[in-house]
Amino acid sequence: MKPTAFDYHAPATTAEAVSLLAQHGDGAKVLAGGQSLVPLLALRLTSFDHLIDLGGISELQGIDASNGSVRIGAMTTQAAIERSVEVASALPLLARATPFIGHFQIRNRGTIGGSLAHADPAAEYPAVALTLDAELEIVSPQGTRTVPASQFFTGLWSTELEEDNVLTAVKLPRWSGRCGFAIEEFARRHGDFAIAGATVAVELDGDDHVRRCHIGLLGLGATPERATEAEAALMNAHVDAVDAGEIGRLAMEPLESVPSDLHGSADYRRRVGAAVVERAWRTASKEARGAA
Amino acid sequence: MQREVEMTVNGTARRNTIEPRLTLADFLRERCGLTGTHLGCEHGVCGACTVLLDGEAVRSCLVFAVQADGREVTTIEGLSAPDGGLSQVQEAFRENHGLQCGFCTPGFVVSVTALLRDNPHPSDEQIRAGLSGNLCRCTGYQGIIAAVRAASDAEH
Amino acid sequence: MSGAARYTGTRVQRIEDPRLLQGYGTFVDDIVRPGMLHVCFVRSPIARARLGAIDASAALALPGVHAVLTAADINPGVYEQWYSMMGKDVPDTPRPPLAVGEVRFVGDPVALVVADNRYLAEDAADLVVVDYDPLPPVVDYVTAQESDALVHDAYAANVAGSLGAAVSDELASVFASAAHHVQVPIYQQAYAPVPMETRGMVAEWVGDELTVWAATQAPHEVRMFLARLLGIGEHQIRAIMRDTGGGFGQKVVPMREEMCIGLAAMKLRACLKWIEDRRENLVAAGMSRHEHGDAQFAFDADGRIVGAHIDHVQDVGAYPTPWPVGTAAAVGMLFPGPYRVPAAGWRTTSVFSNTSGRSAYRGPWQFESVAREVLLDIAARRMAIDPVELRRRNLLRRDEFPCSNANGMPYSDVTPTETFEQALSILDYEQFRKEQEQARAAGRYLGVGTCTYLEPTTAAMPYYGTEGATIRVEPSGKVNVYLAGGSTGNSLETAAVQLTADALGVDIADVRTIQGDTAVTPFGGGTGGSRSGSMIAGAVGETAAIIRERIVSIAAEMMEAAVDDIELAGSRAFVRGSPTDTVSLADIADVAYFQPFKRPAGLPAGLEASARYQAQSMMLWANATHVCTCEVDITTGAVTLLRYIVSEDCGPMINPTVVEGQIAGGTVQGIGGVLFEHLAYDDDGNPLTTTFMDYLLPTATDVPAIEYGHVETPAPGPGGFKGVGEGGAIGAPPAVINAVADALSSFGVEITRLPLTPARIVDLIESAQK
């Protein structure tokens, strides 16, 4: 299983990368970690005349946790995020989601930018970005723009990125106060794509009422989803008054494109989806409760 | 389009002119004659092709050789002890029947070497999770798990 | 005269390991030959179609492409095509090298591209234009007999063959009059051996000789098969295997692609390398296990079995390899298993479909254990008898052997009851039932399942019935033992060295083995049917005896002692009772080779002999019990295996570590087959699981620690050794299925269809709850 031939470019700057993409149009593709793209090339499910490798662009690397938001360069590897003390403290949800990504050999090469741009609905990072209302920085020949996660994922494996765009960084807001974070995922085997998963971030006030709760869903649609109805039901609710099972059910109700395949029907995925939401809610709310 | 690449493989400089689509795995096997790195799937799941790229365990079937230009690669052949004998990890595999046909073995040895270097005393759960990215069809993983435990215990 | 066992029976570390651990193994893709070219197959993307014109012009125009061959080019080159293990007289199914007339499954090889490297060959394959005229495919073997479409014109109703009979009138009346009659249709999905190394071959034609490096379990069959195929002498072919990365039955015989490579190499007078990629392996290397059976047991009021029958139907795909009909008879014959079954019957029908052909897989008949053991648990629950108790009432006891089962299978030297009780005691069955009850009260669902089976190993059918060895004590006293081998991970080098060292009283470090080269090693059938341990022991034993006699004679002459007083140990000869009287094997060899006047009169020169062992028993029976406990998450359907216990009896063990490794590997393949693996097709015959992203193999996080108990009942035969390679894959699936069913028994769930994916388990629970 060998890929078709391509020309290889290793630009040193983002501007150079963008220019190459603009020059070669749909014949060119960004190469980030390669953990998703290269299998597709090897299987000849796709092919490009030009690969633009972002691996040599140092300005795309790095984790900056110096502000209220954490800015992570798109080419930062999942392994670097996994090791990062700053991420562990500032973005617990991202830190906890990372070990679910494949296997450590995958994470040594896979990047946050690649994961977001590939936009697999069953992947962890897109769901986390959506849950935390991340902002994605994109550079094009026209300049730089910022797109909120809620607008970034447009369909199955599709995003706001145009052919000549490079995703350069993602900014994830810190949550402060009495917070709890959890990811629950059900997969066939350790490291497989989720059949259904939930990412929960919750903040409680001093009396254990929900000040805000964000619930992200993976594997349950063509894109990652936010369970907005479940979130609405949780607003201002007292933690003890929450029926976790009901939250799970509410999270599933509005979903319209739950996948159905060899691993399970849509109904099965809803059943599992409700369970992972319930479990993630329990874990996150317990942590928030215990927080000072 | 051909490109010239130069990388260090097991401490030796290797220079070659290659097509960009040549995978690092094929570069090692065909251009360097290092056939210990095996192709079990060529789509990044089985782990038989695992090598160290700048010290990190990666699937060499998912890296193009041109991406390793200027980098350091360590293959299974580069893990033997300085006197040509077995490394501690290799010895642990041998003592615990961690291999049968040997096809997946280089990938496991490289992965385990990296794992234990970064986490010298993994829990049972961490061992299994750490091994989950390498597939074996002969051993049922029993000997492999025992080998990792033995190798980590030996570090004491 | 046999040697004292110093190494045999001990956990000798493997001699294969150093090279494999350091990456110096030689697998077929590691072979590089001068002028070697690379092959890629063009394969049908459609399950069934009339095969029209093949336009290779664009492919041939690519620089670096040497040839594109089609059926017209190579198929006429076939002289004879049949497998030695089957013989030439079986009514074999079609096996053309390249597709001709019709393509019959997605992946059917249509053309063969030869290029400078595999990258180019794949580029060229993409450019070959093939005209397909689609035909309605027969995708589901279950309904294939009623289909209007025929996979092969010559086979009416898509039946490749049938043996046995439906329930006889006699048996029917046993069933009708029984206190309990349990009849269950049991279905097993298609899955496959999936060795980590795919298939592959290098074939080099020079002058009038062919040299083949193969990923194979039987180098001698590669030679014989290709000689017949190409119409050349067996002595014009050399087949070599050094390291093969797993076989499990998939590499037991050369298949259509290997036929193509041999034909193409001869036609082009070239050296060709073909290495299958993983997608090809999952799509075209063959499938196994796809079958169902209408299984019936009848019991008296006390739960004692009074009769059994299985009506077995198996999917053989479009191009099975080898002939599948006869091997399926084992399913029927073995269905009664290790139980007291006074009356039984069986029928088996092999049915074609437009899917990948059936190939052998570890314990190819294992469906007999799946059907029987799953049915026994279902029957137990329906009769309100504990499944373990039901087995205790029916398992054959030691004092009942030897006996023939109701189908005429002659059981002997087996210990089903002993392994059953040992495995349960390792688990502490009573304690588990208590834990299970407590867990259920707490809303958790634990279960326990067992499987007890017998398996015929070391079958002495003609092709497998002998094994040869050559042993040379070299002039310096080092020992080489030459065997056909065929190891694909089964540690035959270590076994050979252990056995030889013991037979000649030699230090193990002084013995090496050369295997798998038809120019050098004596004929042997290769690995398969769990034969190698016993057969190699026999071959080494016969051959070593000749040499040992000479060693002892020379030593006696050298030390002026009686032949009967000579002992061999540690690469030396000693005079019994006189420890300072000793000569080294090196000294003895020197005499044997170079000093004729010091040899006893009439003794031949040298220390080299060849002999061939003939198996005396039709088969050597082995048996085991697998016990599995699990927890089922009833919300997601996830199954977690808790404990896994195997009590096995393969007789005395050549190397206990190797035995346990074989059991572990087979067991995890069996676990994979129940919970994870599925070679699935859609309704149009398109394969859905063509990569490791979709075909799921168990990983280290999916398997429990396996605990072993050993019972040792010698078989008649050298060392009393029995085969052990296949058992894990036979015993595991039923144990796992039964454990899950037991966990869900409070829902009234009966499991009769595989695989047991989490989604299916949820379906079963939801259906039972309605």
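Table for the structure above
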{"item": "Close pairs (6 angstrom Cβ cut-off, 6 or more residues apart or separate chains): farther than 13 Å from A:A182 by Cβ in segment A:274-292, surrounded by 21 or more Cβ atoms within 10 Å (Cβ to Cβ) and aliphatic (A, V, I, L, M) anywhere", "result": "A:A274/A:M252"}
{"item": "Any helices (runs of 4 or more DSSP H) falling wholly within segment A:55-114 and containing at least 3 residues that are farther than 20 Å from B:G55 by Cα and out of contact with any Leu (no Cβ under 6 Å at 6 or more places or on another chain)", "result": "A:85-90, A:92-97"}
{"item": "Subset of segment C:206-238 [buried (at least 21 other Cβ atoms within 10 Å of the Cβ) and in contact with a Lys or Arg (Cβ under 6 Å, 6 or more places away or on another chain)]", "result": "C:A215, C:T216, C:Q217, C:I237"}
{"item": "Single residue of segment C:212-237 satisfying the filter (in contact (Cβ under 8 Å) with a residue 24 or more places away in the chain and over 24 Å from the mean Cα position of the chain (by Cα)) that is farthest from the other protein chains (Cβ to nearest Cβ)", "result": "C:G231"}
{"item": "Selection status of C:D377, under 28 Å from C:E707 (Cβ atoms) and surrounded by 23 or more Cβ atoms within 10 Å (Cβ to Cβ)", "result": "yes"}
{"item": "Residue under evaluation C:A496, criteria (1) assigned to a loop (DSSP other than H, G, I, E, B); (2) away from every other protein chain (no Cβ under 14 Å), criterion not met", "result": "(1)"}
{"item": "One residue from C:E750, C:E726 being under 21 Å from the mean Cα position of the chain (by Cα) and more than 13 Å from every other protein chain (Cβ to nearest Cβ)", "result": "C:E726"}
{"item": "Counted residues, segment A:274-292 - those being modelled with pLDDT of 95 or more and either touching a Lys or Arg at 6+ places or on another chain (Cβ under 7 Å) or facing chain C (nearest Cβ under 10 Å) (or both)", "result": "6"}
{"item": "Yes/no for C:D590 being surrounded by fewer than 19 Cβ atoms within 10 Å (Cβ to Cβ) and of a type outside the set (G, A, S)", "result": "yes"}
{"item": "Only listed residue being of a type in the set (A, V, I, L, M), within 16 Å of B:Q142 (Cβ to Cβ) and in a loop (DSSP other than H, G, I, E, B), chosen from C:A664, C:A700", "result": "C:A700"}
{"item": "Matching residues, segment C:453-467, being more than 17 Å from C:A328 (Cβ to Cβ) and among the aliphatic types (A, V, I, L, M)", "result": "C:L454, C:A460"}
{"item": "Of all residues making up segment C:636-669, the number that are in contact (Cβ under 8 Å) with a residue 12 or more places away in the chain and either among the β-branched types (V, I, T) or on the phi > 0 side of the Ramachandran plot (or both)", "result": "13"}
{"item": "Strands (runs of 3 or more DSSP E) lying entirely in segment A:135-250 (those with 1 or more residues that are without any contact (Cβ under 8 Å) to a residue 24 or more places away in the chain and not small (G, A, S))", "result": "A:143-148, A:210-218"}
{"item": "Selected residue (only one of C:A739, C:A680 is among the aliphatic types (A, V, I, L, M) and either closer than 29 Å to C:D386 by Cα or crowded, with 23+ Cβ neighbours inside 10 Å (or both))", "result": "C:A739"}
{"item": "Which listed residue is of a type in the set (A, V, I, L, M), outside the structural domain of B:L99 (by TED's automatic domain parsing) and touching a Pro at 6+ places or on another chain (Cβ under 6 Å), from B:V45, B:V66, B:V58, B:V51", "result": "B:V66"}
{"item": "Among the residues listed as C:T657, C:T699, C:T667, C:T690, the single one being within 18 Å of C:P758 (Cβ to Cβ) and either polar (S, T, N, Q) or within 13 Å of chain B (Cβ to nearest Cβ) (or both)", "result": "C:T699"}
{"item": "Residue within segment C:672-683 that is farther than 24 Å from C:Q366 by Cα, away from chain B (no Cβ under 14 Å) and in a loop (DSSP other than H, G, I, E, B) present", "result": "yes"}
{"item": "Count - residues of segment A:253-271 that are surrounded by 15 or more Cβ atoms within 10 Å (Cβ to Cβ), assigned to a loop (DSSP other than H, G, I, E, B) and in contact (Cβ under 8 Å) with a residue 24 or more places away in the chain", "result": "4"}
{"item": "Filtered residues of segment B:7-64 (kept if under 19 Å from A:G191 (Cα atoms), facing another protein chain (nearest Cβ under 8 Å) and either of a type in the set (A, V, I, L, M, F, W, C) or free of Cβ contacts under 8 Å to residues at least 12 places away in the same chain (or both))", "result": "B:C41, B:V45, B:C46, B:A48, B:A57, B:V58, B:C61, B:L62"}
{"item": "Count of residues meeting criterion [over 30 Å from C:Y339 (Cβ atoms), under 25 Å from the mean Cα position of the chain (by Cα) and in a loop (DSSP other than H, G, I, E, B)] in segment C:254-303", "result": "6"}
{"item": "Tally, over segment C:65-82, of residues that are in a strand (DSSP E or B) and surrounded by fewer than 17 Cβ atoms within 10 Å (Cβ to Cβ)", "result": "0"}
{"item": "Segment A:1-16, subset more than 8 Å from chain B (Cβ to nearest Cβ) and of a type in the set (G, A, S), residue surrounded by the most Cβ atoms within 10 Å (Cβ to Cβ)", "result": "A:A15"}
{"item": "C:A589 vs. criteria in contact (Cβ under 8 Å) with a residue 40 or more places away in the chain, within 24 Å of C:Q498 (Cα to Cα) and over 36 Å from the mean Cα position of the chain (by Cα)", "result": "yes"}
{"item": "Scope segment C:623-654; condition within 14 Å of chain A (Cβ to nearest Cβ) and of a type outside the set (V, I, T); matching residues", "result": "C:D633, C:G637, C:A638, C:L641"}
{"item": "Of residues in segment A:102-134 being without any contact (Cβ under 8 Å) to a residue 40 or more places away in the chain and of a type in the set (A, V, I, L, M, F, W, C), the one farthest from the other protein chains (Cβ to nearest Cβ)", "result": "A:A134"}
{"item": "Residue within segment C:359-374 that is surrounded by fewer than 22 Cβ atoms within 10 Å (Cβ to Cβ) and part of a helix (DSSP H, G or I) present", "result": "no"}
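Quick grid of which residues meet (1) assigned to a loop (DSSP other than H, G, I, E, B); (2) hydrophobic (A, V, I, L, M, F, W, C); (3) at pLDDT 95 or above; (4) surrounded by fewer than 24 Cβ atoms within 10 Å (Cβ to Cβ):
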site	(1), (2), (3), (4)
B:A57	no, yes, yes, no
B:Q67	no, no, yes, no
B:S80	yes, no, no, yes
B:F93	no, yes, yes, no
B:G107	no, no, yes, no
B:A114	no, yes, yes, yes
B:A129	no, yes, yes, yes
B:T139	yes, no, yes, no
B:H156	yes, no, no, yes
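Conditions (1) in a strand (DSSP E or B); (2) among the aromatic types (F, W, Y), marked per residue:
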position	(1), (2)
C:S162	yes, no
C:F175	no, yes
C:H181	yes, no
C:V194	no, no
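The values are calculated or read from the model by the stated rules, or taken from the named source; none is laboratory data. Predicted, not measured: the structure shown is a model, and the values here were computed from it. No Cβ is skipped: glycine too gets one built from the backbone with ideal geometry, and neighbour counts run over all protein chains shown.
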